[in-house]
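The values are calculated or read from the model by the stated rules, or taken from the named source; none is laboratory data. On a predicted model such as this, the values are computed, not experimentally measured, just so you know. In this analysis, Cβ positions are derived from the backbone assuming ideal geometry, glycine residues included, and neighbour counts consider all displayed protein chains.
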Amino acid sequence: MNRVLLVTHSLTPDKRIDQEAMSLVEAGYEVYLICRGKKKDKIPEFYKEIFLVHLTRKQMAYFPGAVRKARMKYTELIENVKPDIIHANDLPAANIVRKIIPKGVKFIYDDHEVWELYYKLYAERTADWFKKIQRKYLQLIAKYLSRKVMKQADLVIFVNEYWVKFYKKKGINPNKIIFIENFPMKKDIDTALSTNIDLDEFFKKDPRKKIVTASKFAKLSEGTLRNIDNIAKAVNELDDWVIVNFGVSDEKYKKLGVVSVGFKPRFEFIASCSKCDIILNPLILDELMHHSSPNRLFEAALLGVRIISSKVKTLVDKFDDLLIWVNSDTPKEDVKKILKNVDEYPSGEEIRKVAQIFTWENEGKKLIAKYNELSTN
């Protein structure tokens, strides 16, 4: 039993999915992928084959009629691949495949987001009432479908231990739930640091100390998960600091001195971050965010760069006071004081030493052990 079909509603490459696939290939599995399209980044070569299936908004929103049409396309591909294991990443993809799993094929559900709480968060933080109603519907349907998928699956994966306990209390069989943290591959970090990558001219010419943030899918001011308002206001009043945003320019933050350098390929992004002084993780806290597993933060920790983060419970457990804790409501003057005295805080090297165990190389072993267990049952 060694043929795996990964399915996802997202675009490729996707760091977590690619890391899972790489670990499986290295362990002798043959891995295929169904996704909805390609990003600008280089597509990994370790997949046996990648199939592109466009998903409509109705299919992504779980509309039964639309989902049935997607199942027809997926069924054809499943019959072609003849997988031994179907590994569904996140609820939209799992909802498509859950009714077309062939007899004898193992089914894995990998929940990256905790979807019922993900939609709840967006509903609560949406001002538009029509969108609020839409997202409330998504929250309710996701809660229902999550239970259906988890009870059907042979293995359920979450990003940290908190969610294992959360769903055990809700009646999901504890013997089939594991957590695999969203850690980066150490060898990716090493590659980015050892490769001669040509960085954006801004990093070569601007002498100020740099704070990194990123807005991958939208403008900084449009985000509902992060808030850098007070940090940006503080930095704007300090001549020797600047915030660098990897993403599209945002007029609101441009006025506050934030410099946007656009999208950068993964290794250039990592190499650029290594040249900066602080990396931001400014989450707006609630239950979901308190127990998230932010890949970008663990990358920063392995780079040996100081980190300013909201006081996330899972990160406090891992790093204690090695990080600089700044929440979205931390006053501007307090942020300025921190930056003026930043050398009094633990160094990036101290963070890096602690972070050595937070690597995908360790987490991947847990994944392979479970796969091998499934393959022998």
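Answer yes or no as to whether residue 123 is under 24 Å from the mean Cα position of the chain (by Cα) and on the phi < 0 side of the Ramachandran plot.
Spelling it out, residue 123 is indeed under 24 Å from the mean Cα position of the chain (by Cα) and on the phi < 0 side of the Ramachandran plot.
Checking the structure you have, find out if any residue of the range 140-159 is aromatic (Phe, Trp, Tyr) and farther than 25 Å from residue 227 by Cβ.
Among the residues of the range 140-159, at least one is aromatic (Phe, Trp, Tyr) and farther than 25 Å from residue 227 by Cβ, which makes the answer yes.
Grab the strands (runs of 3 or more DSSP E) fully contained in the range 34-125, keeping just those with 3 or more residues being surrounded by fewer than 19 Cβ atoms within 10 Å (Cβ to Cβ).
Strands (runs of 3 or more DSSP E) meeting the threshold: 49-52.
Search the range 8-45 for residues being β-branched (Val, Ile, Thr) and either free of Cβ contacts under 8 Å to residues at least 24 places away in the same chain or touching a Phe, Trp or Tyr at 6+ places or on another chain (Cβ under 7 Å) (or both), and hand back the single one that is nearest to residue 93 (Cα to Cα).
Among them, the one singled out is 34.
What are the residue pairs meeting all of these: first residue in the range 191-218, first residue free of Cβ contacts under 8 Å to residues at least 60 places away in the same chain and surrounded by fewer than 17 Cβ atoms within 10 Å (Cβ to Cβ), second residue not in a strand (DSSP E or B) and not charged (D, E, K, R), Cβ atoms under 8 Å, and 6 or more apart or on different chains?
202/261; 216/263; 218/248
Quick check on this structure: which one of 285, 280 is touching a residue at least 24 places away in the same chain (Cβ under 8 Å), out of contact with any strand residue (DSSP E or B) (no Cβ under 9 Å at 6 or more places or on another chain), not hydroxyl-bearing (Ser, Thr, Tyr) and not assigned by TED's automatic domain parsing to the domain that holds residue 12?
It is 285.
Just give me the residues in the range 272-295 being under 28 Å from residue 44 (Cα atoms) and in contact with a Phe, Trp or Tyr (Cβ under 9 Å, 6 or more places away or on another chain), in sequence order.
Of everything in the range 272-295, those that are under 28 Å from residue 44 (Cα atoms) and in contact with a Phe, Trp or Tyr (Cβ under 9 Å, 6 or more places away or on another chain) turn out to be 272, 273, 275, 276, 293, 295.
Can you work out which of the residues in the range 16-51 that are touching a helix residue (DSSP H, G or I) at 6+ places or on another chain (Cβ under 7 Å) and among the acidic types (Asp, Glu) is farthest from residue 110 (Cα to Cα)?
41
Just one of (1) under 22 Å from residue 15 (Cα atoms); (2) crowded, with 17+ Cβ neighbours inside 10 Å; (3) not assigned by TED's automatic domain parsing to the domain that holds residue 120 trips up residue 319, so point out which.
(1)
Residue by residue through the range 202-245, note down the ones that are among the small types (Gly, Ala, Ser) and more than 14 Å from residue 259 (Cβ to Cβ).
Residues satisfying the conditions are 218, 221, 223, 234.
Any residue at all in the range 334-351 that's under 19 Å from residue 181 (Cα atoms) and of a type outside the set (Gly, Ala, Ser)?
Scanning the range 334-351, I find at least one residue that is under 19 Å from residue 181 (Cα atoms) and of a type outside the set (Gly, Ala, Ser), so the answer is yes.
Restricting attention to the range 222-240, does a residue exist that is under 20 Å from residue 345 (Cα atoms), at pLDDT 95 or above and surrounded by fewer than 20 Cβ atoms within 10 Å (Cβ to Cβ)?
Checking the range 222-240: at least one residue is under 20 Å from residue 345 (Cα atoms), at pLDDT 95 or above and surrounded by fewer than 20 Cβ atoms within 10 Å (Cβ to Cβ).
Would you be able to tell me the number of residues in the range 269-293 that are surrounded by fewer than 18 Cβ atoms within 10 Å (Cβ to Cβ), under 19 Å from the mean Cα position of the chain (by Cα) and not aliphatic (A, V, I, L, M)?
Total meeting the criteria: 3.
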